[in-house]
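S.K.: If you scroll down you'll find the structure; I have some questions about it.
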Amino acid sequence: VHEVVDESGGLSPSADALGLRAVLCAPLEGADVPSGVIYVDAREANSFDGPTLSFFGALVTQVQTALRNATLYQRLLDDNQRLRQDAARVSAERGRRSGPLEALPWSYAGIVGRSPVMQTLFTTLRSLEGVTSSVVIEGESGTGKELVARAIHAGSPRAEAACVVLNCAAIPAALMESELFGHARGAFTGAHADRAGAFERAHGGTLFLDELGELPLEAQAKLLRVLQEGQVRRLGEGELREVDVRTIAATNRDLRAMVDEGSFREDLYFRLAVFRVGLPPLRERRGDLPLLAEAILTELAGAGVPAAGLSSEALSVLSGRQWRGNVRELKNVLERAAVLARGGP
């Protein structure tokens, strides 16, 4: 902040002509961010108080992110144009594609897709690289939410630390607090030893809360408190333990609708959903089926399933299905087919 009134109370001629009393200016910085500044001036002195400065700092961060996304999106458009010029029809290929998928322009950390919705997803994931903001991943069952969560973790400054997975739908409500925060020996029947909870195990890394929409309201309140205070207390203990955890959550439910109906806390929703990442169902990206099928067959062959090629007839059958189970269902179908093909197409 620069107050343009000098020590004698006079103004510079240019500032006086404009009626300025204060100027606020910040540079735009970072990789893939165009050079520039954000400038604000005021006609009254002392206009920029603490809350205004905090808001301005947040605005600068958001503008930098938006500009970086625009740069990366243009880069993707250029890559796609080159791809369209030299790519053969994947649907006609019978053999498996060789080479690491991660190096291809239609892949991100093992996630594949040429469709526009997947290219948009890859742009979003690249914009999350290097940051530790909380993320909520939304999508139907089988769309690959855990794979995306692990990709986000791998691209973060916490990549060398643990990524702890907690499936909220698989834990009884009575044990949820113990799973999240841990317990001391004797805290309840069956607690035969001290046990660290998911937050402690994820300290310094990432906690992935799968099926967040299944979390009971009581556990939601306790989760919110830990996120706000950065401290956990094991069941049966009085000691508070500091935790530094980045949270990524996933759900196949509409959390906004749950907030409206009162089954999910609004304050917790806004705490977790700093970024929202939506995963498309397979029926909305049918053009990716040949690429997905080849990637899955390659993965299965590496896991001991007989190698198999994909015939055009088989691809036609795959393209006509609804895929209610999404990519998970596709993988199961291909695994059964590859076993029955016994090395043939």
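S.K.: State the percentage of accessible surface on the chain attributable to carbon and sulfur atoms; use a 1.4 Å probe and exclude ligands, DNA and RNA.
M.R.: Working: 9170 of 17900 Å².
Here it works out to 51 percent.
S.K.: Using only the alpha-carbon atoms, what does the chain span along each of its principal axes? Please give whole angstrom values in decreasing order.
M.R.: Ordered largest first, the chain gives principal extents of 90, 66, 39 Å.
S.K.: Got a number for the accessible area of His192? Probe 1.4 Å, square angstrom, nearest 10.
M.R.: 150
S.K.: P(r) tail for segment 112-258, what percent of Cα pairs lie past 21 Å?
M.R.: Working: 5019 of 10731 pairs.
Distances greater than 21 Å cover 47 percent of the Cα pairs.
S.K.: If you don't mind, another one. What accessible surface, in Å², does a 1.4 Å probe find on Thr71, ignoring ligands, DNA and RNA and rounding to the nearest 10?
M.R.: Per-residue accessible area (Thr71): approximately 40 Å².
S.K.: Sticking with this structure for a sec: In percent, how large is the relative contact order of segment 268-345, given Cα pairs closer than 8 Å and 6 or more residues apart?
M.R.: 38
S.K.: So what's the back-of-envelope 222 nm ellipticity for the chain, counting only DSSP H runs of four-plus at -39500 (n - 2.57) apiece and dividing by all residues, rounded to 500? Provide the component values of the computation, followed by the final result.
M.R.: Details: 12 runs with 140 residues, N = 345.
One gets -12500 deg cm²/dmol as the mean residue ellipticity at 222 nm.
S.K.: Express in Å², to the nearest 10, the accessible area of Asp260 obtained by rolling a 1.4 Å probe over the protein heavy atoms while all chains stay in place.
M.R.: Here the residue's solvent-accessible area equals roughly 120 Å².
S.K.: With r defined as the distance between the Cβ atoms of Arg75 and Thr189 and R0 fixed at 56 Å, what FRET efficiency is calculated, to the nearest 0.05?
M.R.: With a Förster radius of 56 Å, E is 0.45.
S.K.: Further, regarding this structure: How much of the DSSP beta bridge set in segment 104-216 is antiparallel, as a percent to the nearest 5?
M.R.: Bridges in segment 104-216 that DSSP calls antiparallel: roughly 45 percent.
S.K.: Between the helical axis of 145-154 and the dominant principal axis of the chain, each derived from Cα atoms, what acute angle in degrees is found, rounded to the nearest 10?
M.R.: The two axes meet at around 50 degrees.
S.K.: A further question on this structure: Å³ per residue of the Cα convex hull, for segment 118-176?
M.R.: 100
S.K.: Given a 1.4 angstrom probe, what's the average accessible area per residue across the chain, in square angstrom?
M.R.: 52
S.K.: I need to check one value: relative contact order of segment 123-181, counting alpha carbon pairs closer than 8 Å and at least 6 residues apart, in percent.
M.R.: Worked out over segment 123-181, it gives 33 percent.
S.K.: If you take the alpha carbon radius of gyration of segment 214-345 and divide it by 2.2 N^0.38 Å, what ratio comes out, to two decimals?
M.R.: 1.55
S.K.: Need one number: % antiparallel among DSSP beta bridges in the chain, to the nearest 5.
M.R.: 45
S.K.: Still on this structure: Along the Cα→Cβ direction, 7 angstrom out, place labels at Asn167 and Leu59. What is the inter-label distance in nm?
M.R.: 4.7
S.K.: On a 0 to 90° scale, report how tilted helix 116-127 is relative to the longest principal axis of the chain, with both axes built from alpha carbons and the result rounded to the nearest 10.
M.R.: The angle comes out at about 50 degrees.
S.K.: Just to be sure I understand: with springs between alpha-carbon atoms less than 10 Å apart, which residue in Ser115, Ser14, Ser134 has the highest mean-square fluctuation in the Gaussian network model of the chain?
M.R.: Result for the chain, Cα springs under 10 Å: Ser14 fluctuates most.
S.K.: Once Lys and Arg get +1 and Asp and Glu get -1 on their Cβ, which of Gly304, Ala170, Ile38 lies farthest toward the positive end of the dipole of the chain?
M.R.: Going by the Cα projections, it comes out as Gly304.
S.K.: Could you work out which residue, out of Ala31, Ala169, Ala70, moves most in a Gaussian network model of the chain, that is, has the largest mean-square fluctuation with Cα springs under 10 Å?
M.R.: Ala31
The values are calculated or read from the model by the stated rules, or taken from the named source; none is laboratory data. Bear in mind the structure is a predicted one, so any value in this text is a computation, not a measurement. Neighbour counts run over all protein chains shown; Cβ positions are idealised from the backbone, glycine included. Surface areas here come from the heavy atoms of the whole protein model, side chains and all, with no ligands, DNA or RNA. Shrake-Rupley method; radii C 1.70, N 1.55, O 1.52, S 1.80 Å.
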